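Structure, as structure tokens:
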Amino acid sequence: MTRINTNISSLVAQTNLSRSNDQLQQALTRLSTGLRINTGKDDPAGLIASENLRSDINGVQVGISNSQRANQIIATADSALGQVSSLLNDLRGLVAEAANTGAMSDAQIQANQLQVDSSLSAIDRIAQTTSFQGRKLLDGSLDFITSGIVDGKASKTVGAVVDVAASLAGQSGVDFAAVAKGTVGNAVTIAIATGAANTGSVVGSAITITVTTGATAADILNVVSATAAVNALVTASSLTPATAVSNVAATNLAGGIDGSEFVVTANSGGTSWNGAQIVITSGGAAPGGETTAYNTTTNVLTVTATSTSTASQIITAINNDGHFTATLLNSNGSGTAVATGTSTLGGATLSPTKLSNLRINQANFGTASSIPVQIDVDTQATQGSLTYSGGTLAAAVVLEVGGDKGFNTFNFGSGTSINQIRDAVNQLSDATGVTATISAGNLTLASTDYGSAGFVSAKALTGTFTTTDGVTPTAITRATGTDIALRINGLKATGAGLNATLNSSTLSLSFTADKSLVNGETVTFSIDGGGAKFQLGPDVVSSQQARLGIQSVSTAQLGGLNGKLFELFSGGTKALATDAGGASGVVNDVITAITTLRGRLGAFQKTTLDTNIATLTDTMSNLTDAQSTIRDADFAAESANLTRAQILVQAGTQVLQISNQRPQAILALLRQG
């Protein structure tokens, strides 16, 4: 059938050519982009799976980046701790050398003390300056926050001390200070006027001091000291220059710096800080350059400020010292005025929780804002103990006494009393680790250390010296202590003497139990926040986070049962010339604490961060492979498709041309007619 209005062959050729062009365009798009899926219509299900995989890959990449950043932070802290360890090792050598008083002169010991002071200052500097992108790492800001656990901290509201002289018509001569510290001084006002005689009067809390024309600061001081009512409210001291005093209006004796008050609190707990003094004096550099000096012997922190120093500048200086923390209580915003005077800290109490050296290494808060901790003491740690009940020696005895620190032999003659035996053993307790006490006529030899590491041995090499341990009915010559057994939040903790450690998936901590704890006693406290939180996985959930605590390494915080490191400063209770033995114990405790901290940080790097990076890297490779399989183009297949589509397009074009020529056959029919 021959028709010209409708060319079915042409329409078929056009349709097939269009399809071939679409296939050619698809092949060209895939080859040019390298992707099999470029739009949703290419593969709707594949697009959904591919986008989900891309999201997972991005999350894993961020997790790897976060872990690498955390690794860098820990490495920075570890590097600084390595320097602290080096300084502590130097300290250990200096302390041991200073103990050699038979060969060391006082000048040499003093030279060693200067090196000790320099090393301690360097440790404090490292604690304050070690940072990563502005975040300080070793000043305690990354430690966990607890409540109900540490010893109560001594504190005092500093206030009611202000230099009034600057307001006396420009004259400088007398410094007034309220007798009572705190806000009570805010109610005291002082008015100075001229009159016929030098007198003082008080109405309520308003003080009026009347002096003759041309009176000096000394005249005002005499009025204050001679008038009981005035002297009960304020004290006065002379400033320079002692020029004549002009009339002034009533001046409020405001509390604190520039009329402000702030609370000063010791950084560590315990009653030893009760009586510590904060002394603020005038002098020094420009505002902002306030300086502090802490005397460990007198327990006095002296802050030197200028006449225009503000409360915030004084607070900053106190906080930078490292021994105390100052917090603004209230401010009247009245400007600047130098504050002088002394505030004495007090109010500290011993913690009822009876724990010390608490170290919270890791804590997983999950969705909770705090973590309650309950410690149940099943069995308290004990010392190795032997009891001798034989009284005065009836015959000579050569007795070998020893413990975990060493052994010593005593040659006791007949008639030696148990008091004499006690004194002889205690004289060498530092070398043996054994102490002796007498109770109810019995001599008890006990290890100084608690736990299975502490033991006591008493063996008669000649003669008779019978001892028992109070448990075994027969006589024994050696007894070992037992470790503390306890549960923390129901989980069994590891005990070593008085020290306890818990490592679980949600909580890792260690502490030293007080000797006064008894079997069956329960201790509770709360972890309320803090710590360095690291996001290690792609999802922001607690199971993909790690929270690590990094304690302060300042000299005020470092220490153990033997004391704190700052006590080794010149004038301190454990300075080289004062107590080299005590200094050695402190340094040994601190070395152990620092090495433990470094080991814990290293373990976190290796077992948490490095393994997390390796795992996420493998995961990303697998996810990327899966995503590539779904979305990426197969160039071999697409090249074949391109060739096929090109041929079809060419063939379709030729067929369409032929189809379009067929109607021209009608002309031949017409010409024949």
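The values are calculated or read from the model by the stated rules, or taken from the named source; none is laboratory data. Note that the structure is predicted; figures quoted are calculated from it, not measured. Reconstructed Cβ throughout: ideal geometry from the backbone, glycine too, with neighbour counts over all protein chains shown. Surface accessibility is based on the protein's heavy atoms, side chains included, excluding ligands, DNA and RNA. Shrake-Rupley method; radii C 1.70, N 1.55, O 1.52, S 1.80 Å.
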Inset, instruction - Any chance you could look up the accessible area of Asp483 with a 1.4 Å probe, heavy atoms only, rounded to 10 Å²? - result: 50 Å²
Inset, instruction - Report the label-to-label distance for Asp90 and Thr464 in nanometres (one decimal), using points 7 Å from each Cα along the Cα→Cβ vector. - result: 6.1 nm
Legend entry - Distance-filtered residues of the stretch 5-38 - backbone nitrogen under 19 Å, label point 7 angstrom along Arg54 Cα→Cβ: 29-38
Inset, instruction - Quick one: go through the stretch 597-634 and flag any residue whose amide nitrogen is under 20 Å from the point 7 Å out along the Cα-to-Cβ line of Ser79. - result: 597-606, 609-610
Inset, instruction - Could you go through the stretch 86-93 in sequence order and give the Karplus-derived ³J(HN,Hα) for each residue, using 6.51 cos²θ - 1.76 cosθ + 1.60 with θ = phi - 60°, rounded to whole Hz, and x for Gly and Pro? - result: 4, 5, 5, 5, 5, 4, 4, x
Legend entry - Long-range tail of P(r) for the stretch 21-155 (Cα pairs > 20 Å, %): 72 percent
Legend entry - Theoretical gain in end-to-end length, Asp22 to Asn503 [0.36 nm per residue, Cα-Cα removed]: 166.7 nm
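Do any trypsin sites (Lys or Arg not before Pro) in the stretch 1-106 lie in a loop, going by DSSP, with at most 10 other beta-carbon atoms within 10 Å of their beta carbon, and if so which? Show your work: numbers first, answer last.
Values: sites: Arg3, Arg19, Arg30, Arg36, Lys41, Arg54, Arg69, Arg92; in loops: Arg3, Arg36.
Those that pass, being in a loop and sparsely packed, are Arg3.
What is the local net charge at Gly530, summed over the other residues whose Cβ is closer than 10 Å to its Cβ (Lys, Arg +1; Asp, Glu -1)? Walk me through the numbers on the way to the answer.
Values: positive: Lys533, Arg547; negative: Asp143, Asp528.
Residues close to Gly530 contribute a combined charge of 0.
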Legend entry - Sorted peptide list for 619-630, 550-561, criterion being average Cβ within 10 angstrom, highest first: 550-561, 619-630
Legend entry - Calculated from backbone phi, Karplus (6.51, -1.76, 1.60) coupling profile of the stretch 594-605 in Hz, x at Gly/Pro: 5, 5, 5, 4, 5, x, 5, 5, x, 5, 5, 4
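With the cut-off at 28 Å, tell me which of the pairs Lys492/Lys564; Lys515/Lys606; Lys354/Lys606; Lys136/Lys606 have Cα atoms farther apart than that. Each step should come with its number before you reach the end.
Numbers: Lys492/Lys564 30 Å; Lys515/Lys606 36 Å; Lys354/Lys606 34 Å; Lys136/Lys606 22 Å.
As for pairs spanning more than 28 Å Cα to Cα, those are Lys492/Lys564; Lys515/Lys606; Lys354/Lys606.
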Inset, instruction - Could I have the simple spin-label model distance between Ser65 and Val518, label points 7 Å from Cα toward Cβ, reported in nm to one decimal? - result: 6.0 nm
